[in-house]
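Enquirer: Please see the structure below; I have some questions.
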Amino acid sequence: QVQLVESGGGLVQAGGSLRLSCVASGGAFSRYAIGWFRQAPGKEREFVATISRTGVSASAADSVKGRFTISRDNAKNTVYLQMNSLKPEDTAVYYCAGFEGLASRSPHEYKYWGQGTQVTVSS
């Protein structure tokens, strides 16, 4: 069973950047597709980005495309989410999640979840 721990969140001004990390332990990391999701207060959890087991395939939500980039380093058991040109509407708790399968945009596919990291973007 894999455990996921997010880090890198914080408070940033609009237009700024943050890089989130998701570190895995307890499992064969290269077997897991990893996704990033976010949830703002009073809203449902939404898809942000996903990356395949090898990192060859990745996709992002339209709302973050061109601003956010997902990547992974299997040697370090880590997936990153580079967030540039941040907007106040990006404010949310960001979660990474994993499952043994193809990369997916659906949170229902993911079996393992981290505790989340808060990202706050001020205007």
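Enquirer: Kindly list, by first and then second residue, each pair from a residue in segment 81-100 that is open to solvent by 10 Å² or more (accessible area, probe 1.4 Å) to a residue that is outside any strand (DSSP E or B) and acidic (D, E), limited to pairs with Cβ atoms under 7 Å and residues at least 6 apart or on different chains.
Expert: From residues that are open to solvent by 10 Å² or more (accessible area, probe 1.4 Å), the pairs are F99/E109.
Enquirer: Conditions: (1) on the phi > 0 side of the Ramachandran plot; (2) open to solvent by 60 Å² or more (accessible area, probe 1.4 Å); (3) not charged (D, E, K, R). S30 meets all but one. Number of the miss?
Expert: Result: S30 passes all but (1).
Enquirer: A further question follows. Is there a residue in segment 82-97 that is under 18 Å from G15 (Cα atoms), in contact with a Pro (Cβ under 7 Å, 6 or more places away or on another chain), not in a strand (DSSP E or B) and not hydrophobic (A, V, I, L, M, F, W, C)?
Expert: no
Enquirer: If you scan segment 48-79, which residues turn out to be surrounded by 19 or more Cβ atoms within 10 Å (Cβ to Cβ) and not in a loop (DSSP other than H, G, I, E, B)?
Expert: V48, A49, T50, I51, A60, F68, I70, R72, V79
Enquirer: Let me ask something else. Look through segment 110-123, keep the residues that are in contact (Cβ under 8 Å) with a residue 60 or more places away in the chain and not hydroxyl-bearing (S, T, Y), and return whichever of them is surrounded by the most Cβ atoms within 10 Å (Cβ to Cβ). Please lay out each step first, then the result.
Expert: Of the residues in segment 110-123, the ones in contact (Cβ under 8 Å) with a residue 60 or more places away in the chain are 110, 112-123.
Within this subset, residues satisfying the condition of being not hydroxyl-bearing (S, T, Y) are 113-116, 118-119, 121.
Working: W113: 18, G114: 20, Q115: 11, G116: 17, Q118: 12, V119: 22, V121: 20.
For segment 110-123, the residue satisfying everything is V119.
Enquirer: How many of the residues making up segment 1-24 are in a strand (DSSP E or B) and open to solvent by 60 Å² or more (accessible area, probe 1.4 Å)?
Expert: First pass over segment 1-24, keeping only residues in a strand (DSSP E or B): 3-7, 10-13, 18-24.
Next, from what is left, pick out any that are open to solvent by 60 Å² or more (accessible area, probe 1.4 Å): 3, 5, 11, 13, 19, 23.
Selection size over segment 1-24: 6.
The values are calculated or read from the model by the stated rules, or taken from the named source; none is laboratory data. In this text the structure is predicted, and so the values were computed from the model without any measurement. Please note: Cβ atoms are built from the backbone with ideal geometry, for glycine as well, and neighbour counts cover all protein chains shown. Side chains are part of the model used for accessible areas, which takes the heavy atoms of the whole protein and leaves out ligands, DNA and RNA. Shrake-Rupley method; radii C 1.70, N 1.55, O 1.52, S 1.80 Å.
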